Structure formats: C-alpha cells, structure tokens
Amino acid sequence: MKIGVLVSGAGTNLQALLDAQATGALAPAEITVVVSNKPAARALARATAAGVPAEVVAHDGLPRAVFEDQLLEVLARHGVEAVVLAGFMRVLTTHFLDRFPLGIVNTHPSLLPAFPGIDAPAQAIAYGVKLAGVTVHFVDASVDGGPIIAQAAVAVGDGDDAAALHARIQREEHRLLPIVVQRLAAGELSCQGRIVRGRAE
C-alpha cells in the first residue's frame, strides 16, 4: 500500500516511519511521498535523506478547497492509497477526507477523548491527570475525534512540565505509529461505527 505522509514541523513521527521502512518493518506499506504545508519544515529534509520524494503545498493565501485540491493532486501523482498525518497542523475537510475512507490516520499526544486540539501535554498537566499518553486514530471531520485504533498510557510525574511529558509521549508515538500503519496496509484493521477491530498494541 502506497502511503503519503503530511507534515508541518520537525518530523519525528515521520522519522519513526522512515526508520521502520528502512528495516522492512513497515511492509507492505511504502511511503511514496512526504508533503508539507510549511516550506521550512525539517521533516522535508528527513524525507529527502531517506530517498523519499518531498513536496511543499503551502496553504498561505489559499482557500481551503484549493489547498486540499493541490494536496490531492500531489498524492494522486504518487499513487497514494492511504494518508498519515504526522504533525500536520491543518484541519482537513470532508472534501479531502472522502477521498480516503478509513484511510487516513493521525497520532495525538493524549488519551483521547481527553485533551483534543493543541498543547495536549500542557492541558494534561494543568488538569492534574496522573496518566497521559498517545492515541492513533482514524481521521474524520471532527478535531481529534475519529475512531480510536490504538493507545498507550504514559505516567505523569510530579515534576513534569509539558516538555518533559511530551518527550516521553513521543517515545510511545514513535513506537505505536509504525505498527498501526503496517497493520492498516496489511488489511488487518476494520471499523464498524466507532469500534476498530485489530487494534495495534
């Protein structure tokens, strides 16, 4: 299965996918293109270093539908069959989502449905939870509200700030996301309503 990865920033989750691909652990998934809405995103350099095509579709000044059409054109040119959002900081509409039914996954640094949106580790600390974590989920038109595929818990330490907690959450993200992508590509995930079968762990 040909995978397109959408990114906006440093690309540490992308790197986890690229590392898994390099060892064969991602097969039958194959990353065929990485696309960023930010021309300066470090993730683009990670893709290039791994020999994966890297392209930019800047969203600035574009109507949302035009931006999504340009994304779709790039993905189609590379034969993409499923999409991974790896730190992609744009909300996608049904105009885009409907092209990949149950074929778009995202990773979020909380145990959803707790703390959707931005700055989830900071939200967790401010709320005083004892367990935070990571969720990999299918993407729908809501913000971080799609069906949950896999989760991993991370304990919140008494001395944690948002950065320290996020760093530990990222270690779990980097472990879990390649497993989910591999199982998606292998046809091992199914979804009825909100219930996903074949969860990765």
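What follows is calculated from the coordinates using simple rules that are stated; it is not laboratory data. Predicted, not measured: the structure shown is a model, and the values here were computed from it. Note: ideal-geometry Cβ built from the backbone for every residue, glycine included; neighbour counts use all protein chains shown.
Averaging 1/r over each pair of different alpha-carbon atoms in the stretch 84-168 and inverting the result gives 13.3 Å, the Kirkwood hydrodynamic radius.
Of the labelled figures [x] 16.1, 49; [y] 18.6, 66; [z] 19.3, 74, only one reflects Rg and Dmax of the Cα atoms in Å as derived from the coordinates, namely [x]. Label positions at Arg90 and Ala40, each projected 7 Å from the Cα along the C-beta direction, are separated by 1.8 nm. The trypsin sites (Lys or Arg not before Pro) of the stretch 60-148 meeting both criteria, a DSSP state outside H, G, I, E and B (loop) and at most 11 other C-beta atoms within 10 angstrom of the site's C-beta, are Lys130.
For the chain, a Gaussian network of Cα nodes joined below 10 Å ranks Gly133, Gly159, Gly103 by mean-square fluctuation, and the top entry is Gly159. At full extension, Val129 and Glu81 could sit 13.5 nm farther apart than now, given 0.36 nm per residue minus the alpha carbon distance. Subtracting the Cα-Cα distance of Gln192 and Leu62 from their residue separation scaled by 0.36 nm leaves 43.3 nm.
Taking every alpha-carbon pair within the stretch 43-124, the share separated by more than 14 Å comes to 71 percent.
A Förster radius of 30 Å combined with the Cβ-Cβ distance from Glu73 to Ser142 puts the calculated FRET efficiency at roughly 0.75. Among residues other than Ile169 with Cβ under 15 Å from its Cβ, the summed charge is -2 (Lys and Arg +1, Asp and Glu -1). Between the stretch 1-58 and the stretch 131-181, how far is it from one alpha carbon centroid to the other, in angstrom? With the stretch 1-58 and the stretch 131-181 each reduced to a Cα centre, they are spaced 19 Å.
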